[in-house]
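Worksheet for the structure shown next.
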Amino acid sequence: GDEVIVPPYTFIATASAALAFGIIPVFADIEADTLLIDPEKIEERITPRTKGIIAVHLAGAPANMTRLQEIADKHGLALIEDAAQAVGATWEGRGVGSIGDIGTFSLQSSKNLNAGEGGILTTNNRDYWENAWSICNVGRIPDGGWYQHERFGQNYRMTEFQAAIALAQMTRLEEQMGRRERHAALLNELLDGVKGIRLLRQDPRITRHAYHLYMFKLDPIVTDKNEFIRRANAEGVPLASGYIPLNRNVSVIETTRMWTGEDRIYECPVCESMCEKEAVWLSQNVLLSDEQAVREVADALHKVSRSFGGS
């Protein structure tokens, strides 16, 4: 019955991880120009049951951690960073995952740093670390006996093989981050001002963007998002539609009803518009290609935009 505030524009695990333990995700809408959780929509969602806020660093762009921390401190809430897509990103010079109470990273196969599956949890709080370590290790405690199970936990440990792959991936992370940053900057330069395409705003306090995704929005001149994507795909550009709004997801609504006995529908009009009409994605592997390929992507997007009356 406790509640945690989350954005609706994120992977379902941000909500389902809470629901698995009877914690109810309460959706606060996103900013139209960043697609990140809107801090000014959070306080209206806080109730006596609220225990935390989950900041999703979408596509590798850190959420507004300064404002989110202010809100969390004001209301005595935990602040969790969902940094699944943001390994290496920084906010005002601080690495994501080190700013809130807990940070989580994904090592799933599509991620910038990947081991097939698995993940990493970071915290500066010893009690949180010990509790998390115990939950992942069948309820054991650090420095305890092998059969000393003092908490309810399960075997959530990643394998040694996955850990070895992740460690090896780390040796080339910096070089790959640099390449993504250069090619994202080039795409910004080549697409800026193209009628039909709108670039996202990047907060100057984002001192490093991880670019798990390169996202942009479509102008109203593009009357059919799916058709724009289809035409881009036909030009060889692997453009994707992205998320559907979690506040409208059937499984989230039904599981919430199972725990609360009621239907809870949260209005998030910005997110719903982005999902239906505007937001599109290029995955990070496109940014790992060479400069010529990036220029060809931009040329193709120009062509598709012109087909809708753009310039």
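For segment 65-82, which residues satisfy the criterion of being touching a helix residue (DSSP H, G or I) at 6+ places or on another chain (Cβ under 9 Å) and either of a type in the set (A, V, I, L, M) or open to solvent by less than 30 Å² (accessible area, probe 1.4 Å) (or both)?
LEU68, ILE71, LEU77, ALA78, LEU79, GLU81, ASP82
Any chance segment 41-53 includes a residue that's closer than 19 Å to SER98 by Cβ, open to solvent by less than 10 Å² (accessible area, probe 1.4 Å), in contact (Cβ under 8 Å) with a residue 40 or more places away in the chain and touching a His at 6+ places or on another chain (Cβ under 8 Å)?
Filtering segment 41-53 down to residues closer than 19 Å to SER98 by Cβ leaves 52-53.
Filter again for open to solvent by less than 10 Å² (accessible area, probe 1.4 Å), leaving 52-53.
Right, trim to in contact (Cβ under 8 Å) with a residue 40 or more places away in the chain and you get 52-53.
Checking the rest, the ones that are also touching a His at 6+ places or on another chain (Cβ under 8 Å) come to none.
No: zero hits.
Which residues, taken from segment 6-39, are open to solvent by less than 10 Å² (accessible area, probe 1.4 Å), hydrophobic (A, V, I, L, M, F, W, C) and in contact with a Leu (Cβ under 7 Å, 6 or more places away or on another chain)?
Correct list: ALA15, PHE27, ILE30, LEU35.
Within segment 252-296, track down each residue that is under 18 Å from PRO8 (Cβ atoms), assigned to a loop (DSSP other than H, G, I, E, B) and not charged (D, E, K, R).
Answer for segment 252-296, where residues must be under 18 Å from PRO8 (Cβ atoms), assigned to a loop (DSSP other than H, G, I, E, B) and not charged (D, E, K, R): ILE265, TYR266, CYS268.
For segment 199-247, give me each residue that is charged (D, E, K, R), in contact (Cβ under 8 Å) with a residue 60 or more places away in the chain and outside any helix (DSSP H, G or I).
ARG201, ASP203, ARG205, ARG208, LYS217, ASP219, GLU235, listed by residue number.
Taking the stated definitions as given, is GLY1 at pLDDT below 95 and either open to solvent by 10 Å² or more (accessible area, probe 1.4 Å) or farther than 21 Å from TYR128 by Cβ (or both)?
yes
The values are calculated or read from the model by the stated rules, or taken from the named source; none is laboratory data. Please read all numbers here as calculations on a predicted model, not as lab measurements. Every residue, glycine among them, receives a Cβ derived from its backbone with ideal geometry; neighbour counts consider all protein chains shown. Remember, those area values only see protein heavy atoms, side chains included, never the ligands or the DNA or RNA. Shrake-Rupley method; radii C 1.70, N 1.55, O 1.52, S 1.80 Å.
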